[in-house]
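Peer 1: Here it is: the structure, laid out below.
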Amino acid sequence: MLPVAVFVCLGWIVSVCIHEFGHAVVAYWGGDTSVKDKGYLTLNPLKYTDPTLSLVLPVVFLLIGGIALPGAAVYINQSQLRNRWWKSAVSAAGPIASVIVTLLLTIPFWLGWVTPFSEHWIGPALAFLIILQISVIQFNFLPIPPLDGYGIIEPWLPIQTQIKLRKLSKYGIIALFFLLSFVKPINLLFWKSAFTIGAMLGVPIELVWKGYASFNADSGILLLAAIGVFLLVRRVMSPHHACYEKGNQLLKSQQYEEAIASYDKAIKLKHDFWEAWHHRAWALGSLQRYKEAIASYEQAIVLKPDNPAIWTDWSGALAALQRYEEAIACCDRAIEINPHYPYAWYNKACFCALQGKASLVLDSLEQAINLDPNTFKTYAKNESSFYRIRQHERFKKMIGEL
């Protein structure tokens, strides 16, 4: 029945929005105020979904018996989060939101409004949607990059381990899709656990299969509808925003040249797009193209002078060219805007260390550690620029070696 397919598809879109809203609202509470500027503190599907990754591809995977895991277009600025507890919380928030959605969907079964003998199409549609939600939750909680399960534990791993695992992220997701979609024993184990959890929640298995059959019967229509939505959303979405979100996805997967090209397109379409200038600068810095990065940071600052993250990131590019006084001035400006932004204090400590200003190093480092002890104690222990003060009693005390 077509209503089943439509219900499942619409329910899917809503669940993706709620999942991503969970990430965004916790990120906002944790210090990343940029999510508000990007419009993420709403349930607008155009802000949260990528038409291809969130709609078309999930349907295609479903049709071939795979897992309809959506890909969303949300970018969280990790550097603005207060500490690694918040970073873990942001990653956990999405799957937890999905769990809440799943539990709400099961209420009609708990109250007896829907039974295995119900003839209305809503029962099978709900049952099938719940199983899809459970499958996504299971998948998302796997501790493999770039999934949310890995995001929960990543802040607690050594920095070098994080860097190595990020490089493998794009291969990890491909391998997982292949194993879960085409390796039968793994596929059966995965779906069996999803059905078991569904049964524990009171969802009749026979209704799940009815829902799947109805969904599959209209799969051709559904696929055409998904393509139609894809074309419509692409037409409605602001072209500059679409380019920017594509750049963010490429930046997350460390495809820096491609990300820069996308940001360039966004800026060409909307020159005052400060987020695109900022992220373009970050990508350029990752390629060690520091002079170009500095020029982009300058543009971003002109457009958004009260953003401490831009000033702090700009300081890193200046320091890479040994322009330490200017770098420290940028950190001071970031601290003036937000005295509770630990990365500005930490960067200032590093740059003062490179100039041999021991007292300023210790004062700034102490501020960073007071704001986020776990993160910056770990950073300080491995920071090469602190070699001159490593034996200082105050330094040892701050990092817990005394």
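The values are calculated or read from the model by the stated rules, or taken from the named source; none is laboratory data. Nothing here was measured: the structure is a model prediction, and the numbers come from that model. Neighbour counts are summed over all protein chains in view; Cβ atoms, including those assigned to glycine, are modelled from backbone coordinates with ideal geometry. Side chains are part of the model used for accessible areas, which takes the heavy atoms of the whole protein and leaves out ligands, DNA and RNA. Shrake-Rupley method; radii C 1.70, N 1.55, O 1.52, S 1.80 Å.
Peer 1: May I ask you to list the residues in the stretch 77-91 that are part of a helix (DSSP H, G or I) and either open to solvent by 20 Å² or more (accessible area, probe 1.4 Å) or under 13 Å from Pro308 (Cα atoms) (or both)?
Peer 2: Here is the first cut: in the stretch 77-91, the ones part of a helix (DSSP H, G or I) are 78-80, 84-91.
Selection gives Gln78, Ser79, Gln80, Arg84, Trp85, Trp86, Lys87, Ala89.
Peer 1: Further question on the same structure: Counting only residues that are in contact (Cβ under 8 Å) with a residue 12 or more places away in the chain and farther than 17 Å from Val8 by Cα, how many does the stretch 110-133 have? First the steps, then the outcome.
Peer 2: Let us first name the residues in the stretch 110-133 that are in contact (Cβ under 8 Å) with a residue 12 or more places away in the chain, namely 110, 114-116, 118, 121-133.
If we keep only those that are farther than 17 Å from Val8 by Cα as well, we get 110, 115-116, 118.
Total meeting the criteria: 4.
Peer 1: Looking at the stretch 245-269, which of its residues are at pLDDT below 85, part of a helix (DSSP H, G or I) and either in contact with a Lys or Arg (Cβ under 7 Å, 6 or more places away or on another chain) or closer than 18 Å to Lys167 by Cβ (or both)? First the steps, then the outcome.
Peer 2: Step one: list which residues in the stretch 245-269 are at pLDDT below 85, which gives 245, 249, 252-254.
Then keep just the ones that are part of a helix (DSSP H, G or I); that gives 245, 249, 252.
Result: Gln249, Lys252.
Peer 1: Considering only the stretch 192-229, state which residues are among the aromatic types (Phe, Trp, Tyr), open to solvent by less than 40 Å² (accessible area, probe 1.4 Å) and at pLDDT 85 or above.
Peer 2: Selection gives Phe195 alone.
Peer 1: Continuing with this model, one more query. Taking the conditions exactly as written (of a type in the set (Asp, Glu), modelled with pLDDT under 90 and surrounded by fewer than 16 Cβ atoms within 10 Å (Cβ to Cβ)), does Asp272 satisfy them or not? Talk me through it step by step, then tell me what you get.
Peer 2: Numbers: of a type in the set (Asp, Glu): yes; modelled with pLDDT under 90: yes; surrounded by fewer than 16 Cβ atoms within 10 Å (Cβ to Cβ): yes.
Against the criterion (of a type in the set (Asp, Glu), modelled with pLDDT under 90 and surrounded by fewer than 16 Cβ atoms within 10 Å (Cβ to Cβ)), Asp272 qualifies.
Peer 1: Could you look through the stretch 342-379, keep only residues that are modelled with pLDDT under 90 and aromatic (Phe, Trp, Tyr), and pick out the one that is farthest from Ser88 (Cα to Cα)?
Peer 2: Across the stretch 342-379, the extreme among qualifying residues is Tyr379.
Peer 1: Does any residue of the stretch 144-152 turn out to be part of a helix (DSSP H, G or I) and open to solvent by 50 Å² or more (accessible area, probe 1.4 Å)?
Peer 2: Filtering the stretch 144-152 for residues part of a helix (DSSP H, G or I) gives 148-152.
Narrowing further to those that are open to solvent by 50 Å² or more (accessible area, probe 1.4 Å): none.
So far as the stretch 144-152 goes, no, none of its residues is part of a helix (DSSP H, G or I) and open to solvent by 50 Å² or more (accessible area, probe 1.4 Å).
Peer 1: Conditions first: (1) touching a residue at least 60 places away in the same chain (Cβ under 8 Å); (2) farther than 25 Å from Thr161 by Cα. Pro342 passes all but one, so which condition is the exception?
Peer 2: It is condition (2) that Pro342 fails.
Peer 1: Here's another thing I want to ask about it. Pick out the one residue from Val60, Val8 that is open to solvent by less than 30 Å² (accessible area, probe 1.4 Å), among the aliphatic types (A, V, I, L, M) and either in a helix (DSSP H, G or I) or at pLDDT 80 or above (or both).
Peer 2: On the way: Val60 fails: open to solvent by less than 30 Å² (accessible area, probe 1.4 Å).
After applying the criteria, what remains is Val8.
Peer 1: Check Ile100, Ile137, Ile163 and return the single one that is open to solvent by 10 Å² or more (accessible area, probe 1.4 Å), of a type outside the set (Gly, Ala, Ser), within 24 Å of the chain's Cα centre (by Cα) and more than 24 Å from Phe215 (Cβ to Cβ).
Peer 2: From the options Ile100, Ile137, Ile163, the qualifying one is Ile163.
Peer 1: Moving on to the next point. Counting just the residues of the stretch 346-402 that are open to solvent by 60 Å² or more (accessible area, probe 1.4 Å) and aliphatic (A, V, I, L, M), which one comes out nearest to Gln160 (Cα to Cα)?
Peer 2: Among residues in the stretch 346-402 that are open to solvent by 60 Å² or more (accessible area, probe 1.4 Å) and aliphatic (A, V, I, L, M), the one nearest to Gln160 (Cα to Cα) is Leu354.
Peer 1: Pairs, please: C-beta under 6 Å, at least 6 apart or cross-chain, first residue under 15 Å from Ala276 (Cα atoms) and in the stretch 306-318, second open to solvent by 10 Å² or more (accessible area, probe 1.4 Å) and among the β-branched types (Val, Ile, Thr)?
Peer 2: Ile310/Ile301
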